[in-house]
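One structure is given below, encoded as structure tokens.
The values are calculated or read from the model by the stated rules, or taken from the named source; none is laboratory data. If you're wondering where the values come from, they're calculated on a predicted model, not measured in any experiment. Counting neighbours? That spans all protein chains shown, and the Cβs are built from the backbone with ideal geometry, glycine included. Heavy atoms of the whole protein, side chains included, go into the accessibility calculation; ligands, DNA and RNA do not. Shrake-Rupley method; radii C 1.70, N 1.55, O 1.52, S 1.80 Å.
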Amino acid sequence: MDKNKYFSVLKINFKKSSLELLKLYIIFFLSDIILRMYEFFITSPYFSDNNAIAKLQLSGYYHDNFKILTLLCIFFPIYFLLRLVIKKWIFGIVALLLLLFLIISFTTVQYYIVSFIPLDKSFYTYSINDIIKILNSSSDLKWTSYFTLFAIIVLFFVLIKKLNFKSKYYVIFIWLLWIISMVNISYSHVKAKFFPNIQDYYLVKNKAIFFLEDSFRYFDSENEKKNTVDIKSLAKEYSKIYPKNKYIFPEYPLLRKNDDKDVLGKYFNLPDTTPNFVFLFLESMGRNICGPNARFGSYTPFLDSLIGKSLYWENCLSTAERTYGAIPNILGSLPSGEGGFYYHKDKPVPFNKSLISYLSELEYRTGFYYGGWPHFQNMDDILNSNRIDYILTDFDSTAVKIESDKEGFSWGYNDKSVFEQYFKVVNNDSLKNKKRLDIILTMSLHSPFMAPNKDYYNKKVKEISEKYPENLKKIALQYQNVLSTVVYVDDALKWFFEEFKKLPEYKNTIFILAADHNIHAFPDDNEIRRYHIPLIIYSPMLKKAVKFSAVNSHREIAPSILALLRNNYKIKLDDNISMIGNSLDDSKTFVCNKTISLFKGSSENISMIDKGYFTIDNKYYKLKDNFILEPLYDEKIKKRLEEKVNVIREINKYVYFQNKIIPPKYLMK
């Protein structure tokens, strides 16, 4: 090939490469308009200022375009060279990748609409069956969803076929866009620290790019997990974070003396024999919609009345955003693990010990009652690893399933049916006169929010909302299906307690009620509210009702129960335990005396509260009353918080992946 012909080929290839990438950009440009408009029209009713939401979506659209233009510019040399080699295939391959990206974009936007959090690396912790169940459960896949996806796919194929650029001016046009994008490359980066609250960030951030960036971090961290650590040094640094704990030896850095203070005993008239315990893990029953001064108004009249007779912690936090954190954190005060304590694709559940094991050793009969699939995210693995006696799996013909969605999917049985099955089990003659630890996980307050007898509960929502100001009445109307389910669950709980009062063991039972996490159907105004839940401890043995305002978490519950038993009964418990938390703080004013790690979907994504400070996603705050967050500017404190998060993250990975939570000898009883 002579020199002139060679340069002619390169010139033609340069022009066609530029125009083909311009064609793909135009497809993205128009598809992103559709997606942004769809996201705006579906989510805007849930926010008070539609103009502000429109501006955020417009800002997000600009960021999306800068990002894609920057990526196309960087990709151009590769495309140019590949087109010389496989010019018949390269455009089709890249076009299919764009189509895949657009489908991922739609899927991640749809996920955000359902949960108000972008899809992240937690996706990889779900099994195929789990993902199918989650997708089937969404009530938001309405005609607008299908139409949007259909419109994007039709637009793609029409433009692929019909859109053709030939003029050299289009080449100049795309290169001008690329030069502008590269000069302003910083504008393509959307970071949470640049926004006043997390929802603004989520609205602006492209959901597919968020997911893909988080996926990269997830797979990159998989390689890091194989690296060895200096566990002696790491354990020493960890012990400095919790200086009151007496740790035993570095190989098992969580193992410490079982000497937590008994803060609960003084509030009870305890019997001579150890009490029964009933744990009620309340799906999504967060402080947004439950208890005095609930942010969107309380729709739980029964629970509110129970709070008035109970020990009540108004500023408790879940330690994970989803249900997978409830069982290990509340019952065992365990580390977060990977994708939740009891889920990892390649490893069995590490050795661990929770209240199930401790109370089994005291000859308690232990049982788990749930209306869904106990193996969801391997939930039953931690139960079985603690040698639980009974897991409810069979429901009789009287049990009623949660109403199916239009695809015919149901998560399982509604809460009242679970309670009814529970009483049929515990009223069995073989269980009479036995001490019991009963664990009940509710499920009805879950998307698609299908309360039975909808008309009745919709009416109840309207009645309750009448006492609230106009802005909360508007929210009640927007979220009627969610709040009607809240009222239904509250009614079911009322029935549960009325029935339990008929049992002889009622007078000797302590009930612990805690949400697994805050409700996701409502947008959060800051990052910490997603974890804000009520903690209620009720018993007919209580001396009086008390409200506490100190910050606590799921992980303080199990150590407090063990301390109650150890301090008030002549029983033998292990001298050493591997629980992360300590006893509940029963201060009556808003204080945060604890270091609490919060889990966001993987072992790499850990945020933390540390004695009045809060850090999440490399942002730092002062923690104020009512969980108001003020930006923190002190660089020394920021560095200290970052170091603590890193230590907690590495300890979590070490004990989980190396099976070093608790020595096997503590399990041999």
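Conditions: (1) surrounded by fewer than 19 Cβ atoms within 10 Å (Cβ to Cβ); (2) farther than 30 Å from Lys474 by Cα; (3) modelled with pLDDT of 85 or more. Lys3 meets all but one. Number of the miss?
Tallying (1) surrounded by fewer than 19 Cβ atoms within 10 Å (Cβ to Cβ); (2) farther than 30 Å from Lys474 by Cα; (3) modelled with pLDDT of 85 or more, Lys3 fails exactly one: (3).
Mind checking which residues of the range 42-63 are farther than 22 Å from Leu98 by Cα, assigned to a helix (DSSP H, G or I) and without any contact (Cβ under 8 Å) to a residue 60 or more places away in the chain?
The answer is Ser44, Asn50, Asn51, Ala52, Ala54, Lys55.
Going residue by residue through the range 612-630, is there one that turns out to be of a type in the set (A, V, I, L, M, F, W, C), under 20 Å from Pro243 (Cβ atoms) and not in a strand (DSSP E or B)?
no
Hey, could you check the range 610-656 for residues that are among the hydroxyl-bearing types (Ser, Thr, Tyr) and over 19 Å from the mean Cα position of the chain (by Cα) and say which is surrounded by the fewest Cβ atoms within 10 Å (Cβ to Cβ)? Working first, answer last.
Within the range 610-656, the subset among the hydroxyl-bearing types (Ser, Thr, Tyr) is 613, 615, 620-621, 633, 654, 656.
Okay, now just the ones that are also over 19 Å from the mean Cα position of the chain (by Cα), so 613, 620-621, 633, 654, 656.
Working: Tyr613: 21, Tyr620: 20, Tyr621: 21, Tyr633: 9, Tyr654: 23, Tyr656: 23.
Within the range 610-656, the match that is surrounded by the fewest Cβ atoms within 10 Å (Cβ to Cβ) is Tyr633.
So if I check each of Ser597, Ser539, Ser607, which one is of a type in the set (S, T, N, Q) and more than 22 Å from the chain's Cα centre (by Cα)? Reasoning before the result, please.
Values: Ser597 fails: more than 22 Å from the chain's Cα centre (by Cα); Ser607 fails: more than 22 Å from the chain's Cα centre (by Cα).
Every option except Ser539 fails the conditions.
Just need a number here: residues in the range 550-572 that are assigned to a loop (DSSP other than H, G, I, E, B) and open to solvent by 10 Å² or more (accessible area, probe 1.4 Å).
First, pick out the residues of the range 550-572 that are assigned to a loop (DSSP other than H, G, I, E, B): 550-551, 569-572.
Okay, now just the ones that are also open to solvent by 10 Å² or more (accessible area, probe 1.4 Å), so 569-572.
Of the residues in that region, 4 qualify.
Go through (1) under 17 Å from Asn206 (Cα atoms); (2) touching a Phe, Trp or Tyr at 6+ places or on another chain (Cβ under 7 Å) and name the single condition Asn13 misses.
(1)
When the range 149-171 is examined, which residues are found to be open to solvent by 70 Å² or more (accessible area, probe 1.4 Å), at pLDDT below 75 and assigned to a helix (DSSP H, G or I)?
Hits for the range 149-171 are Lys168, Tyr169, Tyr170.
Filter the range 376-400 for residues that are under 16 Å from Leu441 (Cβ atoms) and open to solvent by 70 Å² or more (accessible area, probe 1.4 Å) and give the result. Steps first, please.
So in the range 376-400, the residues under 16 Å from Leu441 (Cβ atoms) come out as 376-384, 386, 388, 390-393, 395, 399.
Of everything in the range 376-400, those that are under 16 Å from Leu441 (Cβ atoms) and open to solvent by 70 Å² or more (accessible area, probe 1.4 Å) turn out to be Asn384, Thr393.
Which members of the range 314-332 meet the condition of being open to solvent by less than 10 Å² (accessible area, probe 1.4 Å) and within 22 Å of Phe496 (Cα to Cα)?
Of everything in the range 314-332, those that are open to solvent by less than 10 Å² (accessible area, probe 1.4 Å) and within 22 Å of Phe496 (Cα to Cα) turn out to be Ala326, Ile327, Ile330, Leu331.
From (1) within 30 Å of the chain's Cα centre (by Cα); (2) among the basic types (Lys, Arg); (3) open to solvent by 70 Å² or more (accessible area, probe 1.4 Å), pick out the condition that doesn't hold for Lys88.
That leaves (1) as the condition not met.
Filter the range 6-34 down to residues that are farther than 20 Å from Val85 by Cβ and of a type in the set (Ser, Thr, Tyr) and give me whichever is modelled with the lowest pLDDT.
Tyr25
Kindly indicate whether any position in the range 514-534 is closer than 30 Å to Lys432 by Cβ and open to solvent by 30 Å² or more (accessible area, probe 1.4 Å). Walk me through how you get there before you give the answer.
Applying the first criterion (closer than 30 Å to Lys432 by Cβ) to the range 514-534 yields 514.
From the residues that got through so far, the ones that are open to solvent by 30 Å² or more (accessible area, probe 1.4 Å) too are none.
No, because not a single residue in the range 514-534 is closer than 30 Å to Lys432 by Cβ and open to solvent by 30 Å² or more (accessible area, probe 1.4 Å).
Yes or no: the range 515-527 includes at least one residue that is under 23 Å from Thr442 (Cα atoms), in contact with a helix residue (DSSP H, G or I) (Cβ under 8 Å, 6 or more places away or on another chain) and at pLDDT 95 or above.
Among the residues of the range 515-527, not one is under 23 Å from Thr442 (Cα atoms), in contact with a helix residue (DSSP H, G or I) (Cβ under 8 Å, 6 or more places away or on another chain) and at pLDDT 95 or above, which makes the answer no.
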